[in-house]
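S.K.: Sharing a structure, written as C-alpha coordinates. Questions coming.
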Amino acid sequence: MATNADTIAFRNALGSFATGVTIVTTRDAAGQDCGLTANSFNSVSLDPPMVLWSLARSSLSMEAFRDAEYFAVHILAADQEPLSNGFAKRGADKFAGLAPDRGAGDVPLLAGCAARFECRTAYQYEGGDHVIFVGEVIAFDHNDRAPLLFHGGRYALAARRAAALTASDAGDADAPGSFGEDFLGYLLGRAHFQLYGRMQDSLARHRLDAADHFVVTILGIRDGRTMSEIGEMIGFTGARITADQVASLAARGLVRSDPATAQLWLTDNGRRTMIELAAAAKAAEEEALGAFDDNETALLKHLLKHVIRHTDPGLPDPWAANREAN
Ligand SMILES: Cc1cc2nc3c(=O)[nH]c(=O)nc-3n(C[C@H](O)[C@H](O)[C@H](O)COP(=O)(O)O)c2cc1C
(Lines give C-alpha, C1' and ligand atoms only; values in the text may rest on other atoms or scores of the structure.)
Protein backbone atom coordinates (compact mmCIF):
# COMPACT_ATOMS: atom_id res chain seq x y z
CA MET A 1 0.00 0.00 0.00
CA ALA A 2 1.20 3.56 -0.71
CA THR A 3 1.67 5.83 2.32
CA ASN A 4 -0.87 8.56 2.96
CA ALA A 5 1.90 11.14 2.33
CA ASP A 6 1.85 10.30 -1.38
CA THR A 7 -0.71 12.88 -2.53
CA ILE A 8 -0.52 12.04 -6.23
CA ALA A 9 -1.02 8.31 -5.58
CA PHE A 10 -3.94 9.18 -3.27
CA ARG A 11 -5.52 11.40 -5.94
CA ASN A 12 -5.05 8.66 -8.56
CA ALA A 13 -6.63 6.06 -6.25
CA LEU A 14 -9.63 8.37 -5.69
CA GLY A 15 -9.91 8.64 -9.48
CA SER A 16 -11.01 4.98 -9.53
CA PHE A 17 -14.32 6.21 -8.15
CA ALA A 18 -16.35 7.21 -11.24
CA THR A 19 -18.52 10.27 -10.58
CA GLY A 20 -20.82 12.61 -12.41
CA VAL A 21 -19.74 16.21 -12.97
CA THR A 22 -21.55 19.18 -11.45
CA ILE A 23 -21.32 22.94 -11.55
CA VAL A 24 -22.21 24.58 -8.22
CA THR A 25 -23.32 28.20 -8.40
CA THR A 26 -24.19 30.96 -5.98
CA ARG A 27 -24.29 34.76 -5.74
CA ASP A 28 -21.84 36.63 -3.53
CA ALA A 29 -22.56 39.49 -1.12
CA ALA A 30 -21.76 42.03 -3.87
CA GLY A 31 -24.34 40.43 -6.20
CA GLN A 32 -21.75 38.73 -8.44
CA ASP A 33 -22.46 35.27 -9.85
CA CYS A 34 -19.96 32.62 -8.68
CA GLY A 35 -19.54 28.98 -9.59
CA LEU A 36 -17.16 26.13 -10.19
CA THR A 37 -16.97 22.61 -11.51
CA ALA A 38 -17.14 19.99 -8.75
CA ASN A 39 -17.34 16.21 -8.70
CA SER A 40 -17.37 15.90 -4.91
CA PHE A 41 -21.19 16.04 -5.00
CA ASN A 42 -23.17 13.30 -3.27
CA SER A 43 -26.62 12.59 -1.91
CA VAL A 44 -27.01 12.68 1.88
CA SER A 45 -30.62 12.29 2.95
CA LEU A 46 -34.00 11.63 1.38
CA ASP A 47 -36.13 13.04 4.21
CA PRO A 48 -35.36 15.85 4.51
CA PRO A 49 -33.79 15.93 1.03
CA MET A 50 -30.12 16.83 1.41
CA VAL A 51 -26.97 16.81 -0.72
CA LEU A 52 -23.32 17.67 -0.12
CA TRP A 53 -20.22 18.76 -1.97
CA SER A 54 -16.80 19.99 -0.90
CA LEU A 55 -14.85 23.09 -1.88
CA ALA A 56 -11.07 23.52 -1.76
CA ARG A 57 -9.98 26.14 0.76
CA SER A 58 -7.79 27.62 -1.97
CA SER A 59 -10.82 28.33 -4.20
CA LEU A 60 -11.46 31.96 -5.09
CA SER A 61 -15.16 31.16 -4.58
CA MET A 62 -14.71 30.15 -0.91
CA GLU A 63 -15.93 33.39 0.64
CA ALA A 64 -19.01 33.48 -1.56
CA PHE A 65 -20.07 29.94 -0.63
CA ARG A 66 -19.15 30.42 3.06
CA ASP A 67 -21.57 33.38 3.20
CA ALA A 68 -24.23 32.05 0.84
CA GLU A 69 -27.69 31.23 2.12
CA TYR A 70 -28.49 29.46 -1.16
CA PHE A 71 -26.57 27.56 -3.82
CA ALA A 72 -27.52 25.43 -6.83
CA VAL A 73 -25.98 22.17 -8.02
CA HIS A 74 -26.20 21.37 -11.75
CA ILE A 75 -25.56 17.79 -12.84
CA LEU A 76 -24.00 18.18 -16.27
CA ALA A 77 -25.18 16.39 -19.41
CA ALA A 78 -22.78 14.47 -21.68
CA ASP A 79 -22.54 17.39 -24.15
CA GLN A 80 -21.59 19.96 -21.48
CA GLU A 81 -17.88 19.14 -21.30
CA PRO A 82 -16.94 22.65 -22.59
CA LEU A 83 -19.08 24.23 -19.85
CA SER A 84 -17.36 22.00 -17.27
CA ASN A 85 -13.94 23.13 -18.53
CA GLY A 86 -15.02 26.78 -18.42
CA PHE A 87 -16.14 26.54 -14.79
CA ALA A 88 -12.93 24.71 -13.80
CA LYS A 89 -10.80 27.75 -14.79
CA ARG A 90 -9.69 29.55 -11.65
CA GLY A 91 -10.86 33.14 -11.50
CA ALA A 92 -12.23 33.13 -15.08
CA ASP A 93 -15.32 35.13 -16.07
CA LYS A 94 -17.29 31.89 -16.04
CA PHE A 95 -20.72 33.33 -16.82
CA ALA A 96 -19.62 35.31 -19.91
CA GLY A 97 -22.05 34.62 -22.75
CA LEU A 98 -24.48 32.74 -20.50
CA ALA A 99 -27.92 34.08 -19.65
CA PRO A 100 -28.81 32.03 -16.56
CA ASP A 101 -32.28 31.82 -15.02
CA ARG A 102 -32.59 32.82 -11.39
CA GLY A 103 -33.47 30.62 -8.42
CA ALA A 104 -33.89 31.23 -4.68
CA GLY A 105 -31.61 34.04 -3.50
CA ASP A 106 -31.11 35.07 -7.16
CA VAL A 107 -28.68 32.16 -7.56
CA PRO A 108 -27.83 31.56 -11.28
CA LEU A 109 -29.45 28.46 -12.80
CA LEU A 110 -27.77 27.04 -15.92
CA ALA A 111 -29.70 25.48 -18.82
CA GLY A 112 -29.23 22.15 -20.61
CA CYS A 113 -28.23 20.10 -17.55
CA ALA A 114 -29.31 16.55 -16.69
CA ALA A 115 -30.58 17.67 -13.25
CA ARG A 116 -30.55 20.76 -11.03
CA PHE A 117 -30.93 21.10 -7.27
CA GLU A 118 -31.63 24.43 -5.58
CA CYS A 119 -30.35 24.26 -2.00
CA ARG A 120 -30.46 26.22 1.22
CA THR A 121 -27.10 25.94 3.00
CA ALA A 122 -27.81 23.70 6.03
CA TYR A 123 -24.35 22.88 7.43
CA GLN A 124 -20.70 23.57 6.76
CA TYR A 125 -18.02 21.16 8.04
CA GLU A 126 -14.26 21.51 8.11
CA GLY A 127 -12.73 18.76 5.97
CA GLY A 128 -8.94 19.11 5.88
CA ASP A 129 -8.04 21.30 2.91
CA HIS A 130 -11.72 21.37 1.87
CA VAL A 131 -14.95 22.65 3.40
CA ILE A 132 -17.98 20.36 3.12
CA PHE A 133 -21.26 22.09 2.30
CA VAL A 134 -24.51 20.29 3.08
CA GLY A 135 -27.58 21.76 1.41
CA GLU A 136 -31.26 21.13 1.99
CA VAL A 137 -32.88 20.75 -1.41
CA ILE A 138 -35.76 23.19 -1.80
CA ALA A 139 -36.44 22.58 -5.51
CA PHE A 140 -35.10 20.35 -8.25
CA ASP A 141 -35.71 19.28 -11.84
CA HIS A 142 -34.27 16.58 -14.09
CA ASN A 143 -34.65 15.02 -17.53
CA ASP A 144 -33.37 12.06 -19.53
CA ARG A 145 -30.20 13.73 -20.83
CA ALA A 146 -27.16 11.45 -20.73
CA PRO A 147 -24.85 12.51 -17.87
CA LEU A 148 -21.23 13.57 -18.19
CA LEU A 149 -18.95 11.32 -16.11
CA PHE A 150 -15.45 11.71 -14.69
CA HIS A 151 -13.19 8.71 -14.15
CA GLY A 152 -9.43 8.33 -13.76
CA GLY A 153 -8.87 12.06 -14.29
CA ARG A 154 -10.76 12.10 -17.62
CA TYR A 155 -14.27 12.71 -18.85
CA ALA A 156 -16.26 9.56 -19.63
CA LEU A 157 -19.68 8.54 -20.91
CA ALA A 158 -22.12 6.14 -19.27
CA ALA A 159 -23.76 2.97 -20.51
CA ARG A 160 -26.12 0.91 -18.38
CA ARG A 161 -24.58 -2.51 -18.46
CA ALA A 162 -27.82 -4.46 -18.22
CA ALA A 163 -29.29 -2.90 -21.36
CA ALA A 164 -26.05 -2.61 -23.30
CA LEU A 165 -24.68 -6.08 -22.87
CA THR A 166 -25.76 -9.12 -20.89
CA ALA A 167 -23.18 -11.68 -19.84
CA SER A 168 -24.45 -14.14 -22.46
CA ASP A 169 -24.16 -11.50 -25.23
CA ALA A 170 -20.55 -10.85 -24.36
CA GLY A 171 -19.32 -13.93 -26.22
CA ASP A 172 -15.94 -15.60 -25.86
CA ALA A 173 -12.69 -14.05 -26.99
CA ASP A 174 -11.81 -15.13 -30.54
CA ALA A 175 -9.46 -18.08 -30.69
CA PRO A 176 -6.20 -17.12 -32.44
CA GLY A 177 -6.48 -17.60 -36.20
CA SER A 178 -10.28 -17.72 -36.26
CA PHE A 179 -13.10 -15.21 -36.75
CA GLY A 180 -15.57 -15.31 -33.90
CA GLU A 181 -18.88 -13.56 -33.50
CA ASP A 182 -17.08 -10.67 -31.78
CA PHE A 183 -14.88 -9.80 -34.78
CA LEU A 184 -15.27 -6.02 -35.12
CA GLY A 185 -15.46 -6.12 -38.92
CA TYR A 186 -18.36 -8.57 -38.76
CA LEU A 187 -20.19 -6.53 -36.11
CA LEU A 188 -19.77 -3.21 -37.98
CA GLY A 189 -20.52 -4.73 -41.39
CA ARG A 190 -23.62 -6.58 -40.29
CA ALA A 191 -24.93 -3.63 -38.27
CA HIS A 192 -24.44 -1.39 -41.33
CA PHE A 193 -26.09 -3.89 -43.69
CA GLN A 194 -29.12 -4.37 -41.44
CA LEU A 195 -29.51 -0.62 -40.80
CA TYR A 196 -29.39 0.17 -44.52
CA GLY A 197 -31.69 -2.77 -45.27
CA ARG A 198 -34.44 -0.78 -43.58
CA MET A 199 -34.00 2.04 -46.09
CA GLN A 200 -34.44 -0.11 -49.18
CA ASP A 201 -38.20 0.61 -49.53
CA SER A 202 -37.62 4.38 -49.51
CA LEU A 203 -34.81 4.10 -52.08
CA ALA A 204 -36.95 1.86 -54.32
CA ARG A 205 -39.86 4.32 -54.09
CA HIS A 206 -37.55 7.06 -55.41
CA ARG A 207 -35.99 4.66 -57.98
CA LEU A 208 -32.54 5.27 -56.49
CA ASP A 209 -29.74 2.81 -55.85
CA ALA A 210 -27.14 3.06 -53.06
CA ALA A 211 -24.68 5.09 -55.19
CA ASP A 212 -27.44 7.60 -56.15
CA HIS A 213 -28.34 7.86 -52.49
CA PHE A 214 -24.74 8.68 -51.51
CA VAL A 215 -24.50 11.38 -54.22
CA VAL A 216 -27.81 13.01 -53.18
CA THR A 217 -26.78 12.86 -49.50
CA ILE A 218 -23.34 14.40 -50.10
CA LEU A 219 -24.95 17.23 -52.09
CA GLY A 220 -27.51 17.62 -49.30
CA ILE A 221 -24.67 18.31 -46.86
CA ARG A 222 -23.16 20.86 -49.25
CA ASP A 223 -24.12 21.76 -52.83
CA GLY A 224 -21.79 22.64 -55.69
CA ARG A 225 -19.22 19.91 -55.23
CA THR A 226 -17.47 18.53 -58.27
CA MET A 227 -17.85 14.95 -59.48
CA SER A 228 -14.33 14.10 -58.42
CA GLU A 229 -14.88 15.56 -54.91
CA ILE A 230 -18.02 13.48 -54.56
CA GLY A 231 -16.16 10.43 -55.90
CA GLU A 232 -13.52 10.84 -53.19
CA MET A 233 -16.16 11.22 -50.50
CA ILE A 234 -18.18 8.15 -51.38
CA GLY A 235 -15.22 6.01 -52.48
CA PHE A 236 -14.91 4.28 -49.09
CA THR A 237 -18.38 2.73 -49.59
CA GLY A 238 -17.24 0.98 -52.79
CA ALA A 239 -19.71 3.14 -54.81
CA ARG A 240 -18.52 5.18 -57.82
CA ILE A 241 -19.95 8.32 -59.40
CA THR A 242 -20.15 8.10 -63.20
CA ALA A 243 -21.18 10.48 -65.99
CA ASP A 244 -24.07 8.10 -66.88
CA GLN A 245 -25.29 8.18 -63.29
CA VAL A 246 -25.18 12.00 -63.18
CA ALA A 247 -27.03 12.16 -66.52
CA SER A 248 -29.69 9.81 -65.13
CA LEU A 249 -30.08 11.85 -61.91
CA ALA A 250 -30.37 15.01 -64.06
CA ALA A 251 -32.92 13.38 -66.38
CA ARG A 252 -35.02 12.53 -63.33
CA GLY A 253 -34.88 16.17 -62.23
CA LEU A 254 -32.86 15.53 -59.05
CA VAL A 255 -29.57 17.29 -59.86
CA ARG A 256 -28.31 19.89 -62.29
CA SER A 257 -24.71 20.09 -63.39
CA ASP A 258 -22.34 22.59 -64.94
CA PRO A 259 -20.43 20.69 -67.66
CA ALA A 260 -17.67 23.35 -67.64
CA THR A 261 -16.77 22.86 -63.95
CA ALA A 262 -18.26 19.38 -63.37
CA GLN A 263 -20.05 20.86 -60.31
CA LEU A 264 -23.39 19.42 -59.20
CA TRP A 265 -26.34 20.96 -57.35
CA LEU A 266 -29.57 19.49 -56.03
CA THR A 267 -32.71 20.78 -57.74
CA ASP A 268 -35.74 21.67 -55.58
CA ASN A 269 -37.07 18.21 -56.36
CA GLY A 270 -33.69 16.68 -55.47
CA ARG A 271 -33.65 18.53 -52.14
CA ARG A 272 -37.17 17.31 -51.32
CA THR A 273 -36.05 13.76 -52.13
CA MET A 274 -32.92 14.15 -50.01
CA ILE A 275 -35.04 15.36 -47.06
CA GLU A 276 -37.42 12.38 -47.41
CA LEU A 277 -34.45 9.98 -47.52
CA ALA A 278 -32.85 11.69 -44.51
CA ALA A 279 -36.12 11.23 -42.60
CA ALA A 280 -36.19 7.54 -43.57
CA ALA A 281 -32.56 7.18 -42.48
CA LYS A 282 -33.33 8.83 -39.13
CA ALA A 283 -36.32 6.50 -38.65
CA ALA A 284 -34.09 3.49 -39.44
CA GLU A 285 -31.53 4.80 -36.95
CA GLU A 286 -34.17 5.27 -34.25
CA GLU A 287 -35.50 1.76 -34.80
CA ALA A 288 -31.97 0.30 -34.69
CA LEU A 289 -31.13 2.17 -31.49
CA GLY A 290 -34.53 1.50 -29.93
CA ALA A 291 -33.11 -0.69 -27.16
CA PHE A 292 -30.65 2.01 -26.08
CA ASP A 293 -31.19 5.04 -23.89
CA ASP A 294 -29.58 8.41 -24.65
CA ASN A 295 -26.44 7.47 -22.70
CA GLU A 296 -25.84 4.32 -24.66
CA THR A 297 -26.57 5.96 -27.99
CA ALA A 298 -24.07 8.74 -27.20
CA LEU A 299 -21.51 6.16 -26.07
CA LEU A 300 -21.95 3.95 -29.15
CA LYS A 301 -21.51 6.95 -31.48
CA HIS A 302 -18.55 8.22 -29.49
CA LEU A 303 -16.78 4.84 -29.71
CA LEU A 304 -17.53 4.48 -33.43
CA LYS A 305 -16.11 7.97 -34.08
CA HIS A 306 -13.03 6.89 -32.19
CA VAL A 307 -12.64 3.80 -34.42
CA ILE A 308 -13.15 5.99 -37.52
CA ARG A 309 -10.52 8.52 -36.40
CA HIS A 310 -8.09 5.80 -35.37
CA THR A 311 -8.30 3.97 -38.71
CA ASP A 312 -8.74 7.00 -41.03
CA PRO A 313 -6.37 6.79 -44.02
CA GLY A 314 -7.07 10.49 -44.71
CA LEU A 315 -10.54 10.39 -46.26
CA PRO A 316 -12.21 13.75 -46.92
CA ASP A 317 -14.77 14.85 -44.33
CA PRO A 318 -18.14 15.76 -45.95
CA TRP A 319 -19.02 18.09 -43.02
CA ALA A 320 -15.66 19.91 -42.83
CA ALA A 321 -16.61 22.84 -45.10
CA ASN A 322 -19.84 23.44 -43.15
CA ARG A 323 -17.93 23.46 -39.85
CA GLU A 324 -15.48 26.03 -41.24
CA ALA A 325 -18.36 28.20 -42.46
CA ASN A 326 -19.96 28.26 -38.95
C1 LIG B 1 -14.11 17.29 -13.11
C2 LIG B 1 -13.68 18.31 -12.08
C3 LIG B 1 -14.10 18.18 -10.77
C4 LIG B 1 -13.73 19.10 -9.80
N5 LIG B 1 -14.20 18.97 -8.52
C6 LIG B 1 -13.90 19.90 -7.58
C7 LIG B 1 -14.47 19.82 -6.28
O8 LIG B 1 -15.24 18.93 -5.97
N9 LIG B 1 -14.14 20.80 -5.38
C10 LIG B 1 -13.30 21.81 -5.69
O11 LIG B 1 -13.03 22.66 -4.83
N12 LIG B 1 -12.74 21.92 -6.94
C13 LIG B 1 -13.05 20.99 -7.89
N14 LIG B 1 -12.54 21.10 -9.14
C15 LIG B 1 -11.62 22.20 -9.45
C16 LIG B 1 -12.33 23.52 -9.62
O17 LIG B 1 -13.37 23.46 -10.57
C18 LIG B 1 -11.30 24.57 -10.05
O19 LIG B 1 -10.29 24.61 -9.09
C20 LIG B 1 -11.86 25.96 -10.24
O21 LIG B 1 -10.88 26.70 -10.91
C22 LIG B 1 -12.15 26.67 -8.97
O23 LIG B 1 -12.54 27.95 -9.36
P24 LIG B 1 -12.33 29.27 -8.46
O25 LIG B 1 -10.97 29.18 -7.80
O26 LIG B 1 -12.45 30.38 -9.46
O27 LIG B 1 -13.43 29.22 -7.45
C28 LIG B 1 -12.90 20.18 -10.15
C29 LIG B 1 -12.46 20.32 -11.47
C30 LIG B 1 -12.86 19.39 -12.43
C31 LIG B 1 -12.41 19.57 -13.87
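The values are calculated or read from the model by the stated rules, or taken from the named source; none is laboratory data. The structure displayed is predicted, hence computed values, not measured ones. Virtual Cβ from ideal backbone geometry, glycine too; neighbours counted across all protein chains shown. Please note that ligands, DNA and RNA were not included when accessible areas were found on the heavy atoms of the full protein model with its side chains. Shrake-Rupley method; radii C 1.70, N 1.55, O 1.52, S 1.80 Å.
S.K.: State, as an integer percentage, the relative contact order of the stretch 177-255 based on alpha-carbon contacts under 8 Å between residues 6 or more apart.
M.R.: It comes to 21 percent, rounded to a whole number.
S.K.: If you don't mind, there's one more thing I want to ask. Any chance you could look up the accessible area of Ser40 with a 1.4 Å probe, heavy atoms only, rounded to 10 Å²?
M.R.: Roughly 40 Å² of Ser40 is accessible to a 1.4 Å probe.
S.K.: While we're here: Just the accessible area for Leu60, please: 1.4 Å probe, Å², rounded to the nearest 10?
M.R.: 110 Å²
S.K.: Quote to one decimal, in nm, the extra length available between Asp244 and Arg66 on full extension: 0.36 nm per residue of separation minus the C-alpha distance between them.
M.R.: So the chain would gain 56.7 nm between Asp244 and Arg66.
S.K.: Taking R0 as 41 Å, what's the FRET efficiency between Arg154 and Arg205 from their Cβ-Cβ distance, rounded to 0.05? Don't skip to the answer; put the middle values down first.
M.R.: Details: r = 46 Å, r/R0 = 1.12.
So, using R0 = 41 Å, E works out to roughly 0.35.
S.K.: Can you tell me which of Phe179, Phe140, Phe117 moves the most in a GNM of the chain? Springs connect C-alpha atoms under 10 Å apart.
M.R.: Most flexible of the set in this elastic network: Phe179.
S.K.: Describe numerically, in nm with one decimal, the distance between label points set 7 Å from Cα along Cα→Cβ at Glu324 and at Ser228.
M.R.: Each label point lies 7 Å from its Cα, and together they span 1.7 nm.
S.K.: Now a separate question. Provide the FRET efficiency to the nearest 0.05 for the Ile221-Arg252 pair, computing r from the beta carbons and using R0 = 22 Å.
M.R.: 0.60
S.K.: Calculate what fraction, in whole %, of the accessible area of the stretch 1-152 sits on carbon and sulfur atoms when a 1.4 Å probe is rolled over the protein chains. Write down the numbers at each step before the final one.
M.R.: On the way: 4530 of 8510 Å².
Ligands and nucleic acids excluded, carbon and sulfur reach 53 percent.
S.K.: Tell me the accessible surface of Thr226 in square angstrom (1.4 angstrom probe, heavy atoms of protein chains only), to the nearest ten.
M.R.: 30 Å²
S.K.: Over the stretch 7-157, what is the mean sequence separation of C-alpha contacts under 8 Å (at least six apart), divided by residue count, expressed as relative contact order in percent? Write down the numbers at each step before the final one.
M.R.: Details: 322 pairs, mean separation 45.0, N = 151.
The normalised contact order for the stretch 7-157 reaches 30 percent.
S.K.: Also, quick follow-up: Taking 0.36 nm per residue of separation and subtracting the Cα-Cα distance, what length does fully extending Ser178 through Ala92 add?
M.R.: Between Ser178 and Ala92, full extension yields an extra 25.4 nm.
S.K.: To the nearest 0.05, what FRET efficiency results for Ala283 and Ile138 with a Förster distance of 35 Å applied to their C-beta separation?
M.R.: Plugging the Cβ-Cβ distance into 1/(1 + (r/R0)^6) gives 0.25.
S.K.: Find how much the distance from Leu188 to Arg271 grows on full extension, using 0.36 nm per residue of separation minus their present alpha carbon separation; answer in nm with one decimal. Display every interim value, and only then the final one.
M.R.: Numbers: separation 83, 0.36 × 83 = 29.88 nm, distance 2.94 nm.
So the chain would gain 26.9 nm between Leu188 and Arg271.
S.K.: Just check the stretch 7-157 against the gyration tensor rule for me: Cα atoms, a ≥ b ≥ c as the square roots of the eigenvalues, rounded for a/c under 1.5, and otherwise prolate or oblate depending on whether a/b exceeds b/c.
M.R.: On the way: a/c = 1.25, a/b = 1.14, b/c = 1.10.
Rounded is the answer for the stretch 7-157, as its axis ratio a/c remains below 1.5.
S.K.: Still on this model: Taking a 1.4 Å probe, which of Phe150, Phe10 shows the most accessible area, and what order do the others take after it?
M.R.: In descending accessible area the options line up as Phe10, Phe150.
S.K.: Of Asp47, Asp201, which has the most accessible area and how do the rest follow, probe 1.4 Å?
M.R.: Solvent-accessible surface, decreasing: Asp47, Asp201.
S.K.: On to the next question. On average, how much accessible surface per residue is there in the chain, in Å², for a 1.4 Å probe, leaving out ligands, DNA and RNA?
M.R.: 61 Å²
S.K.: Among the lysines, which fall within straight-line cross-link reach of Lys305, defined as a Cα-Cα distance under 19 Å, with same-chain neighbours fewer than 8 residues apart omitted?
M.R.: Of all the lysines, those that pass the test against Lys305 - Cα under 19 Å, at least 8 places apart if same chain - are Lys282.
S.K.: Between Asn12 and Leu315, what is the label-to-label distance in nm when each label sits 7 Å out along the Cα-to-Cβ direction?
M.R.: A separation of 3.8 nm, rounded to one decimal place.
S.K.: Taking a cut-off of 16 Å between Cα atoms, list the aspartates and glutamates near Lys89, but don't count ones fewer than 8 places away on the same chain.
M.R.: Lys89 reaches Asp33, Glu81.
S.K.: Provide the net charge surrounding Ala30, with neighbours chosen by a C-beta distance below 11 Å and charges set as Lys +1, Arg +1, Asp -1, Glu -1.
M.R.: -3
S.K.: Keeping all protein chains in place and using 1.4 angstrom, which order do Ser248, Ser43, Ser59 fall into by accessible surface area, from largest down?
M.R.: Values: Ser248 45, Ser43 90, Ser59 25 Å².
Final ranking, largest accessible area leading: Ser43, Ser248, Ser59.
S.K.: With n ≥ 4 as the cut-off for DSSP H runs, can you work out [θ] at 222 nm for the chain, using -39500 (n - 2.57) per run divided by the number of residues, rounded to the nearest 500? Write out the running numbers ahead of the final one.
M.R.: Values: 12 runs with 119 residues, N = 326.
The helix-only estimate for the chain comes to -10500 deg cm²/dmol at 222 nm.
S.K.: If you roll a 1.4 Å probe over the stretch 172-326 with all protein chains in place, what percent of the accessible area is carbon or sulfur?
M.R.: 57 percent
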